[in-house]
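Worksheet: the structure to be examined is printed underneath.
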Amino acid sequence: MNKNSQYIELDTYLKIIKKRFRIIILVLIIFILGGYIYSVLTPTTYQSSINIYTTDALDMTNYLQTNHALNTAYTIFKTLNTKRYSNFQLSYFRRNIRSVQVGQSIVSLTITNTNKNVAIDFTKAYQEMISSKKFDSIINNILLKDYKSCLKVRNATIATNSKYKLQENVPVCIETKLIINKPSSIVTVSTKPSKTKDVILFLIAGVFIAFFVATLLEYTSSNPDSNDKNN
């Protein structure tokens with residue numbers, strides 16, 4: 001009985017495909033063209049990267065995406081080409097910066113942008129910031145402040161535990177001093193959208209939509225509104 005119902009269902013779909021063949025083909029053509037247009041309009045992206053060598057990769061990884069680091073690099077970036085970059089806003093870069101710890105003492109910084117020169121120059125700004133003589137003292141002062149803040153919380157927690165006989169977790173505070181070597185050269189990689197991949201993805205989506213539309217049209221034509229029945 002189940003096999004018969006499956007054959008009947010398959011036969012029904014084949015009839016729908018045959019009857020609504022034109023609309024199915026039309027929907028597929030629209031999606032194929034949509035995939036091609038989407039691929040053409042999608043710009044090439046560029047990723048510029050540098051490796052940073054330091055004694056504390058974790059702290060450096062976290063720092064590179066802070067407002068302090070971003071603001072400092074942004075200031076340097078605008079000086080690289082004052083005329084071209086005068087109208088660039090800081091928010092333009094905020095979501096396109098990624099720092100990842102790739103080793104015990106190595107941090108990878110990557111800037112992504114659809115403009116190759118912008119990606120390279122903003123990476124260069126970070127490179128200059130990290131290579132500057134002031135940078136060591138700036139970042140180590142930040143880490144020292146964090147360490148002192150941790151000590152205050154630690155001492156307060158110990159005092160509270162002692163006074164009220166509690167067993168709250170006491171923070172572990174480690175004083176860190178970064179030693180930073182000169183960053184690596186900038187490496188830029190381009191990623192072009194794949195027309196074939198986009199067209200295939202749109203085609204797959206189009207197949208489902210085409211069959212849905214065909215089935216819906218068949219259902220509505222074979223099941224008119226109750227108002228039509230009453231009339």
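Here, each number is a calculation from the coordinates, and none is a lab measurement. Predicted, not measured: the structure shown is a model, and the values here were computed from it. Because the Cβ atoms are built from the backbone with ideal geometry, glycine has one as well, and the counts that use them run over all protein chains shown.
Key figures
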{"quantity": "Once the Cα gyration tensor of the stretch 100-231 is diagonalised, semi-axes √(5λ) in Å", "calculated": "59, 34, 12"}
{"quantity": "Over the stretch 1-134, relative contact order from alpha-carbon pairs under 8 Å, at least 6 apart, %", "calculated": "31 percent"}
{"quantity": "Loop-located chymotrypsin sites (Phe, Trp or Tyr not before Pro) in the stretch 43-85, at most 13 other Cβ atoms within 10 Å (DSSP)", "calculated": "none"}
{"quantity": "Cα-based Kirkwood hydrodynamic radius, the chain, one decimal, Å", "calculated": "23.6 Å"}
{"quantity": "Alpha carbon Rg of the stretch 49-153, scaled by the compact-globule rule 2.2 N^0.38 Å", "calculated": "1.12"}
{"quantity": "Loop sites in the stretch 125-231: GluC sites (Glu not before Pro), DSSP, at most 14 other Cβ within 10 Å", "calculated": "Glu168, Glu175"}
{"quantity": "For the stretch 150-206: span of alpha carbons on each principal axis (Å, largest first)", "calculated": "69, 41, 11"}
{"quantity": "DSSP-assigned coil residues among trypsin sites (Lys or Arg not before Pro) in the stretch 53-96, each with at most 11 further Cβ atoms within 10 Å", "calculated": "Arg95"}
{"quantity": "Tensor-based shape of the stretch 1-120 (alpha-carbon gyration tensor, a/c under 1.5 rounded, otherwise prolate or oblate)", "calculated": "prolate"}
{"quantity": "Lysine pair number, Cα distance threshold 15 Å (strictly under), the stretch 88-197, separation 8 or more or different chains", "calculated": "8"}
{"quantity": "Per-residue ³J(HN,Hα) for the stretch 62-73, Karplus 6.51 cos²θ - 1.76 cosθ + 1.60, θ = phi - 60°, Hz, x for Gly and Pro", "calculated": "5, 5, 4, 9, 7, 4, 4, 5, 4, 5, 5, 5"}
